[in-house]
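The values are calculated or read from the model by the stated rules, or taken from the named source; none is laboratory data. Everything quoted here is computed from the prediction, not taken from an experiment. As a convention, Cβ positions derive from the backbone with ideal geometry for all residues, glycine included, and neighbour counts pool all protein chains shown.
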Amino acid sequence: MTFFTFEQYKKILSFTSLHPGLALSIAGLGAGLTEAVVVNPFEVVKVSLQANRNAFAEDPTLEFLRKFGIGLASGTISSCVNIPFDVAKSRIQGPQPVPGEIKYRTCFQTMAVIYREEGYLALYKGLVPKIMRLGPGGAVMLLVYEYTYGWLQNNW
């Protein structure tokens, strides 16, 4: 995420009259601040949960619901992040709009064409069915992994 935001800040600052060295420094500062504000709170929660793995061990129902919620959230978030790439893949693999003319060539070029011609929301076509499939799928996968792993640890 840091490199992505750095590139975005650098691109924005290229339109200013700032000295290139100063623009790069400000872009780096912006990327670091963005990382601190957006990513670090999640890191703190993750590390805290990992360090205190048995925090929910007294209550199995709460542990089940926690794992289900984490799996559901991760499946949903991954679907939201992945869907523009999935839309582009489908356009590239599907029939081209004009026979004999290749309109969709690469992933990012295809996403740019879709955005320019159809708008931002067109990159998210099919998101709801994907979330309905992969959100619960992420929850089930995490639960199966966690309980299978726990069973194997206790019985092998």
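For Met111, are the conditions met, namely being under 22 Å from the mean Cα position of the chain (by Cα) and under 23 Å from Glu7 (Cα atoms)? In short, yes.
The C-beta contact set for the stretch 1-17 (first residue assigned by TED's automatic domain parsing to the domain that holds Val39 and closer than 19 Å to Val37 by Cβ, second residue modelled with pLDDT of 85 or more and part of a loop (DSSP other than H, G, I, E, B), distance under 7 angstrom, 6+ apart or interchain) is empty. If you go through the stretch 97-142 and keep only what is among the basic types (Lys, Arg), in a helix (DSSP H, G or I) and under 18 Å from Cys80 (Cβ atoms), you end up with Lys130, Arg133.
Restricted to helices (runs of 4 or more DSSP H) entirely inside the stretch 1-55, those with at least 1 residues that are at pLDDT 90 or above are 2-13, 20-34. Number of residues in the stretch 78-95 that are among the charged types (D, E, K, R) and modelled with pLDDT under 90: the value is 0. Among the residues making up the stretch 88-121, those that are surrounded by 15 or more Cβ atoms within 10 Å (Cβ to Cβ) and either of a type in the set (A, V, I, L, M) or touching a residue at least 60 places away in the same chain (Cβ under 8 Å) (or both) are Ala88, Ile92, Met111, Val113, Ile114.
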